[in-house]
Amino acid sequence: MSDALMRTYARLPVAFERGEGAWLTDNKGERYLDALSGIGVCNLGHGHPVITQAIAEQARTLLHTSNLYRIPLQERLAAKLCELADMAAIFFTNSGAEANEAALKLARLYGRKRNIDTPTVMVMDGGFHGRTLATLSATGNRRVQAGFDPLVDGFVRVPYDDLAAVERAGNNNNRIVAVLVEPIQGEAGVVVPDKGYLTGLRRICDERAWLLMLDEVQTGLGRTGAWFAHQRLGAKPDVLTLAKALGNGYPIGACLARGEAAELFEPGSHGSTFGGNPLACRVGLAVLQTLQSERLVQRASRLGERMFAQLQAGLAGRPGVRAVRGLGLMQGIALEWPCTELVYQALDRKLLINVTEQSVLRLLPPLILTDEEAQWITHTVIDLVTSFLSNSGTTRRG
Ligand SMILES: *Cc1c(COP(=O)(O)O)cnc(C)c1O
């Protein structure tokens, strides 16, 4: 490993050189099936020809101007995304954390307009919103925050999937102006809330005039078998943040808003040098067009159901398996004890997976997966988990 890199990641001992579809090839020529998509980024797989062509053409034409000028590609991407998400206006960023920063700034402006001088945003235990100071303060995981005190003020935290706790916190605090929440928690271990949770949050936000701000950085853009997870879960946000899959690997994020929230920023109140530049937006447009033309959102729904049924049949109810959960092609297998070694065991079998929160095996495969690839992933995962449990089960019980 290079000493010239800060040690922010404990990297696996593999280096990829090429990618094609769901497959990555390392520098020794070994092929791996990518069931993680660079953490939910390369939803169209690697080296998709439409994306490659969009990047190449745009690189030849124009990379960057500035938001000091009109950017027709940005206007086109905004119009298309607003149509898909039924939102009114967008601010483009380069990452998920920056999209959430924009959302948090909107919440503060929204509060100020209501003469609340210390506007507070409700966030959730286990939530993950990024690594900047404000977004790590919003994140409900002490490990993400450790060492970075003083945290940014203006957050109140409640347990996830607990509407009574939301009501209680609301009754105790009249400075709350918004709720920032993931429709399904990704980093916390693919935590799917109760059926009525999101609609319940929507109702509470309406009653109390709070903004419902959904962080769909991981769940958005087809991942869960709908364009946006909230469309499956039945509650429309006032503010919606996206990133990961929007550029299929090219960095781009977005903060979308409707109603009053869409009108709060004015010239000078927010900005970004790179955000929404011609290249990023050209890629974003190509991603949306490809998701549509290849019917990949529907594909994620159908394939997700099949894989989920296979994982359930193979693993649910086994001793050591807490739950098999997920939606569309976002799936987690929660075990009773830490299982990070599964990542290495999968790597030996040439399968790329991830373990989050120590004990949840997470799958975020590309949406272009073939039936055979999907089948191979579920079989391999069932096999790996089964032998992991029978080995570690005996040592742990013994
Ligand atoms: C990945 C992620 C982020 C952070 O995105 P970055 O692009 O790494 O800043 C924020 N929210 C959620 C839900 C995520 O999964």
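Every number here is computed from the coordinates shown, using simple stated rules; none is lab data. The shown structure was predicted, so the numbers you read here are calculated from the model rather than taken from an experiment. All Cβ positions, glycine included, derive from the backbone under ideal geometry; neighbour counts span all protein chains shown.
Summing charges over neighbours of residue 117, with a neighbour being any other residue whose Cβ is under 15 Å away from its Cβ, gives +4 when K and R count +1 and D and E count -1.
Cβ-to-Cβ counts within 10 Å put 80, 28 in ascending order as 28, 80, the fewest first. Annotation: amide H-H contacts under 5 Å for residue 18 (H modelled 1.01 Å from N, sequence separation of 5 or more, or interchain): 25. Here the spin labels are modelled as points 7 Å beyond Cα on the Cα-Cβ line, and at residue 199 and residue 383 they lie 4.2 nm apart.
What is the order of 1, 307, fewest Cβ neighbours within 10 Å to most?
Details: 1 9, 307 23.
Ranked by crowding around the Cβ, least crowded first: 1, 307.
Summing Lys and Arg as +1 and Asp and Glu as -1 over all other residues whose Cβ lies under 10 Å from the Cβ of residue 239 gives a net charge of -1. Annotation: amide H of residue 176 within the under-5 Å range of 120, sequence separation 5 or more or interchain, hydrogens built in the peptide plane.
In order along segment 276-285, phi translates into HN-Hα couplings of x, 6, x, 5, 4, 6, 4, 5, x, 4 Hz, rounded to whole numbers, per the Karplus curve 6.51 cos²θ - 1.76 cosθ + 1.60 with θ = phi - 60° and x for Gly and Pro. Each residue of segment 356-364 is assigned a 3J(HN,Hα), and the resulting list reads 10, 6, 6, 10, 10, 6, 10, 10, 9 Hz, derived from the Karplus form 6.51 cos²θ - 1.76 cosθ + 1.60 (θ = phi - 60°), x at Gly and Pro.
Given Cβ point charges of +1 (Lys, Arg) and -1 (Asp, Glu) and nothing else, what value in debye, to the nearest 20, does the dipole of segment 49-293 about its Cα centre take? Numbers along the way, then the final one.
Working: 25 positive and 24 negative charges, 49 e Å.
Approximately 240 debye in magnitude.
If the chain linking residue 50 and residue 172 were pulled fully straight, counting 0.36 nm for each residue of separation and taking away their Cα-Cα distance, it would gain 38.7 nm.
I need the calculated FRET efficiency for the pair residue 65 and residue 206, taking r as the beta carbon distance and R₀ as 45 Å, to the nearest 0.05. Don't skip to the end; give the middle numbers.
Details: r = 40 Å, r/R0 = 0.89.
Step by step, r from the Cβ atoms, then E = 0.65.
Using only helices, what value at 222 nm comes out for the chain when you add -39,500 (n - 2.57) per DSSP H run of length 4 or more and divide by the total residues, to the nearest 500 deg cm²/dmol?
Details: 13 runs with 157 residues, N = 398.
Counting only the DSSP helices, I get -12500 deg cm²/dmol.
Simple spin-label estimate for residue 153 and residue 295 gives 5.5 nm between the two label positions (7 Å along the Cα-to-Cβ direction from each Cα).
Is segment 74-219 best put as rounded, prolate or oblate by its Cα gyration tensor, with a ≥ b ≥ c the root eigenvalues, rounded for a/c under 1.5, and otherwise prolate when a/b is larger than b/c, oblate when not? Cα axes put segment 74-219 in the rounded bin. Residues whose amide H lies under 5 Å from that of residue 156, counting only those 5 or more places away or on a different chain, are 121, 122, 123; hydrogens are built 1.01 Å from N in the peptide plane.
Think of the chain as a dipole: +1 on every Lys or Arg Cβ, -1 on every Asp or Glu Cβ, centred on the Cα centre; then among 382, 358, 200, 200 lies furthest on the positive end.
Per residue, the average separation of C-alpha pairs within less than 8 Å and at least 6 apart gives the chain a relative contact order of 22 percent. Remark: segment 221-232, residue by residue, has Karplus-estimated 3J(HN,Hα) of 6, x, 3, 9, x, 9, 4, 9, 4, 5, 5, 7 Hz, where x stands for each Gly or Pro and the curve is 6.51 cos²θ - 1.76 cosθ + 1.60 at θ = phi - 60°.
Fewest first, what order do 327, 163 take by the number of other Cβ atoms within 10 Å?
163, 327
As a calculated quantity, the FRET efficiency between residue 113 and residue 375 at R0 = 45 Å, using C-beta atoms, amounts to about 0.25.
I want to check a number: in segment 49-293, how many lysine pairs have alpha carbons closer than 23 Å, given a sequence separation of 8 or more or different chains? Let's see the in-between values first.
Details: 80/236; 80/244; 105/113; 105/236; 105/244; 113/236; 195/236; 236/244.
Summing the qualifying lysine pairs gives 8.
Looking at the chain, the DSSP beta bridges with both ends there are about 65 percent antiparallel.
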